[in-house]
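To start, the structure itself, in structure tokens.
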Amino acid sequence: MTNVGTIGTSQITKTFVEACIASRAFTVSHLYSRDKAKAQALIDDLFLPEATAHDDLEAFFTAPDLEVVYVASPNSLHFAHVKAALEHGKSVIVEKPAFATIAEYDEIDAYLQAHPDLHVIEAARHLFDSNYLTAQEKVRQLTEITGATLTYMKYSSRFDAFQAGQNPNIFSPKFAGGALYDLGVYLLYAAVDWFGVPESSAYYATKADNGIDLHGLARLHYPKFDVALIFGKDQQSFLASEIYSHRKTLWLDNLGEPTQVRLYDSPAVYQDLSQHTAENSLVEEVNAISLMFTNREEDKFKHYWQLAGQVNRLLVELRASAGIVFESDQTK
């Protein structure tokens with residue numbers, strides 16, 4: 001098994017490590033946190049007696065048995081951590097959104113071209129979900145796409161703290177936070193994966209006083225149809241996502257973590273295409289990425305990296321259209 005080290009100790013890191021344990025796809029050997037006690041607490045909580053806790057990045061990156069680095073630090077720190085990992089000869093799995101600016105993606109892309117033995121893959125987990133893949137297959141079988149409405153609106157556990165005057169990373173322009181970069185990215189991945197890069201795009205955002213977007217509506221224009229993206233972190237929605245093909249409608253209950261997929265022929269007639277999924281939402285992703293490393297599936301690495309670049313550019317375009325500025329824009 002490939003040895004992986006993690007950067008960050010948030011809930012997504014814990015879920016990733018649990019997925020590695022459940023799937024036996026990766027061996028988690030090193031955990032880094034600025035607070036070493038947090039890394040050790042995660043090791044103890046998940047019973048990883050052979051793993052090492054770090055609070056020194058150089059010691060972490062130079063660990064001789066470390067092969068792949070999983071980056072789940074705040075969004076604005078992804079670029080620095082990915083770059084450092086590559087410079088130490090480690091491939092990378094980086095949580096979405098991989099980068100805050102186009103310049104960051106382009107710099108990493110240039111490094112990868114000069115070092116073809118290394119890889120970076122953005123952890124857009126739904127791309128590897130069995131229900132997402134079922135929907136993807138059906139989208140490609142539809143004779144004509146006439147439009148789509150993709151939704152992902154989820155009340156953030158950190159929004160109350162934000163309203164109380166605190167400054168959580170996910171609602172901070174310093175850390176490249178906001179609804180578009182946290183939840184909208186799931187919808188953009190699906191749209192670009194299924195329909196390609198749009199001809200034009202626009203984002204109409206409701207913003208907080210600090211300029212970060214809380215929720216909004218994005219429009220992607222294609223030659224013969226439009227796609228509406230609805231997402232947010234300050235309110236809760238139970239709307240499904242739909243792809244239209246005249247009288248047929250492909251329906252997904254939750255595009256971020258789909259558990260139900262249906263193909264409607266009429267309001268009362270549909271095929272249930274739902275697949276069973278693992279309790280841990282990252283298991284399928286971890287298994288798929290592990291196989292990519294084990295089997296050196298270069299075509300897949302190339303495909304997902306190109307897709308990440310297309311999504312990155314679209315994120316920046318949408319953010320610009322809504323007037324959302326990150327601190328990283330001033331340095332890249």
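Of all residues being loosely packed, with under 11 Cβ neighbours inside 10 Å and touching a helix residue (DSSP H, G or I) at 6+ places or on another chain (Cβ under 9 Å) in segment 272-304, which is modelled with the lowest pLDDT? Just the residue, please.
Glu279
Hey, among the residues in segment 24-51 that are among the hydroxyl-bearing types (Ser, Thr, Tyr) and within 22 Å of Ala80 (Cα to Cα), which one's surrounded by the most Cβ atoms within 10 Å (Cβ to Cβ)?
Only one residue fits best here, namely Tyr32.
Residue pairs, Cβ under 8 Å, 6 or more apart or interchain, first in segment 35-49 and more than 12 Å from Lys14 (Cβ to Cβ) and free of Cβ contacts under 8 Å to residues at least 60 places away in the same chain, second surrounded by 15 or more Cβ atoms within 10 Å (Cβ to Cβ) and of a type in the set (D, E, K, R). List them.
Going by the 8 Å Cβ cut-off, the qualifying pairs are Asp35/Asp55; Lys36/Asp55.
Only strands (runs of 3 or more DSSP E) wholly contained in segment 217-332 count here; list those with 2 or more residues that are in contact with a Lys or Arg (Cβ under 6 Å, 6 or more places away or on another chain) and free of Cβ contacts under 8 Å to residues at least 12 places away in the same chain. Outline the logic, then answer.
Details: elements: 226-232, 241-245, 248-252, 261-266, 269-272.
Fully inside segment 217-332 and qualifying: nothing.
Looking for whichever is in the same structural domain as Val69 (by TED's automatic domain parsing) and of a type in the set (Ser, Thr, Tyr) here; the options are Ser266, Ser241, Ser290. Which one fits?
Details: Ser266 fails: in the same structural domain as Val69 (by TED's automatic domain parsing); Ser241 fails: in the same structural domain as Val69 (by TED's automatic domain parsing).
Just a single option satisfies the conditions, and that option is Ser290.
Can you give me the number of residues within segment 145-192 that are outside any loop (DSSP other than H, G, I, E, B) and either aliphatic (A, V, I, L, M) or under 20 Å from Arg319 (Cα atoms) (or both)? Break it down stepwise before answering.
Here is the first cut: in segment 145-192, the residues outside any loop (DSSP other than H, G, I, E, B) are 147-153, 159-163, 169-171, 173-175, 179-192.
Filter again for either aliphatic (A, V, I, L, M) or under 20 Å from Arg319 (Cα atoms) (or both), leaving 148-153, 161, 169-171, 173-175, 179-192.
Matching residues across segment 145-192 total 27.
The values are calculated or read from the model by the stated rules, or taken from the named source; none is laboratory data. In this text the structure is predicted, and so the values were computed from the model without any measurement. All Cβ positions, even for glycine, are placed from backbone atoms using ideal geometry, and neighbour counts span all protein chains on display.
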